[in-house]
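Written below as structure tokens is the structure these notes are about.
The values are calculated or read from the model by the stated rules, or taken from the named source; none is laboratory data. Because the structure is a prediction, the values reported are computed rather than measured. All Cβ positions, even for glycine, are placed from backbone atoms using ideal geometry, and neighbour counts span all protein chains on display.
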Amino acid sequence: MRGFLHFIFLGCTVALSPYKYGQDIMNIEASASLLDQLYGELVDSKESREHKFNCINEGKVSTTKNNAGKSDFVEDVNYNERFAFGTFQTMNDLIRISETQQRTSRMNAHEKYLTHRSSIKFPENDDTSDLFTGGIFGGLLTFGGFKTMQCFNSNMFDHPIDIAIVGAPFDTGTSYRPGARFGPEAIRLGARRLHEGVTPVRGNGPNSKLRKVNPYDSKSHNFTIIDCGDVPMTPFDNRFALNQLYRAERAIHKHSTSGKVDIPLPKIITIGGDHTITLMALRLAYEKYGRIAVLHFDSHIDTWNPKILGGGYSDYMSLNHGTFLHYAAENGYLEPGKCFHLGLRAPYILATYDQKHDRECGFNTITARDLDDMGKEKIVTQIKETVGETPVYVSVDIDVLDPSTAPGTGTMEIGGWTGRELLTILDALEGLNIIGGDVVEVSPPYDTNSEVTSLAATAIIDSLLGLLIVQSI
Ligand SMILES: *[C@@H]1O[C@H](CO)[C@@H](O)[C@H](O)[C@H]1NC(C)=O
């Protein structure tokens, strides 16, 4: 009943000294905390202000204390007593209760607010320790929150890198829809929630070492993983742009490794960009590791002879996202017979010639529908038996996924794999000597509002990270 009694006392004060009363009300407002100023008092009526004033007179509420600290109320307030009138059983009960009792009840409710509004504890005003340590929305956007540095700056080569993630914003090698130059930033956006990387499915089963991998917890592995940002690839000349990418990735290989894991060179995951960019990654991989077995997840062959796709009039038009594997084979980067197309389904241009040429480029084929007949086990067994110890480069064109799973891409083909099917096959590659990989052809302008395509690409890079890390566990 205290609130009620105080209120009576307050009434006398108001009657005797209205001027002083007005002054104090202003003081109360002036001393409101920053949050009160921003949001306003939860209860702000003439009645509540009078009550607050009364509480101050009684010494129960301080006018000076910032509500970031302790409660404004002294400790001896009896909650049960104050809430004696806090609940009403029925409408009839409510009507029977006198106006005075109702007023007392409102006073009690307001007193509760005054007490509990102060319960949040903020850090000291000069404490910033929680403001620079990440969080999903903190800092600059990097893939999964990994650290970044100027990887292409020769002054930085003594800063170790074990795994580099690098963006290749390039889409002037596309034959149909453009937009993949915006892929890297969209995929980083999709990767914001990866911070807590333990999943119950990585590695497909409890016996997989992948199950232990969490790329985003630096205490759970010894890899130094760096997001190198994007290579500034010019949109005005493909030849120069691709050369920029080559030099940038070459610079990454000049970094020392941390020495904490058994790898000779930094490994690179490239975020495309259209598929043309893979030619530069393969060139670099070949220079460091020799001939490469490429696992090419894609709905298209991409080994098209330039005379069939795009070329014929000039050299410039010959290299594009459907011919880069022809050039990789022609330049000797590929280990013949050990490369695979996986998830293939797009129409050929000149069927008989394209298939013959594709085999000449060194590829085996697992079509999208082969998954239904063979299942994951047979597919992965065939890959592993064929590839053996050969260094493997995993290139994932997002259009290997069905358009219902990944609509944001340049050349959609119906009848592809789901995200789950692709991730299951990728994780089953555990044990191969994977030296790098990429995810390409994510075109954010054609994605949905829910960014489903870049999210799929995010999960693929997450799987690639696991495959790179698990080799040293
Ligand atoms: C990291 O390296 C240290 C030192 O070699 C080793 O003791 C530890 O087991 C490694 N951690 C992991 C997760 O492999």
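Quick check: anything in the range 414-421 buried (at least 24 other Cβ atoms within 10 Å of the Cβ), assigned to a helix (DSSP H, G or I), more than 20 Å from the chain's Cα centre (by Cα) and of a type outside the set (Ser, Thr, Tyr)?
Checking the range 414-421: not a single residue is buried (at least 24 other Cβ atoms within 10 Å of the Cβ), assigned to a helix (DSSP H, G or I), more than 20 Å from the chain's Cα centre (by Cα) and of a type outside the set (Ser, Thr, Tyr).
Quick one: in the range 109-165, which of the residues that are part of a strand (DSSP E or B) and either at pLDDT below 85 or hydrophobic (A, V, I, L, M, F, W, C) (or both) is surrounded by the most Cβ atoms within 10 Å (Cβ to Cβ)?
Across the range 109-165, the extreme among qualifying residues is 165.
Quick test for you: out of 424, 448, 381, pick the one residue that is part of a loop (DSSP other than H, G, I, E, B), of a type outside the set (A, V, I, L, M, F, W, C) and either in contact with a Pro (Cβ under 7 Å, 6 or more places away or on another chain) or at pLDDT 95 or above (or both).
On inspection, the qualifying residue turns out to be 448.
Suppose we filter the range 187-242 for residues that are under 21 Å from residue 284 (Cα atoms), part of a helix (DSSP H, G or I) and either in contact (Cβ under 8 Å) with a residue 12 or more places away in the chain or within 16 Å of the ligand (Cβ to nearest atom) (or both); how many remain?
Final tally of qualifying residues: 4.
Taking the condition in contact with a helix residue (DSSP H, G or I) (Cβ under 8 Å, 6 or more places away or on another chain) and part of a strand (DSSP E or B), does residue 396 pass?
Numbers: in contact with a helix residue (DSSP H, G or I) (Cβ under 8 Å, 6 or more places away or on another chain): yes; part of a strand (DSSP E or B): yes.
When the stated conditions are applied, residue 396 passes them.
Every residue in the range 243-259 that is surrounded by 14 or more Cβ atoms within 10 Å (Cβ to Cβ) and within 16 Å of the ligand (Cβ to nearest atom), please.
257, 258
Inspect the range 460-473 for any residue being of a type in the set (A, V, I, L, M), within 16 Å of the ligand (Cβ to nearest atom), more than 15 Å from residue 376 (Cβ to Cβ) and not in a helix (DSSP H, G or I) and give the result as yes or no.
Yes, the range 460-473 contains at least one residue that is of a type in the set (A, V, I, L, M), within 16 Å of the ligand (Cβ to nearest atom), more than 15 Å from residue 376 (Cβ to Cβ) and not in a helix (DSSP H, G or I).
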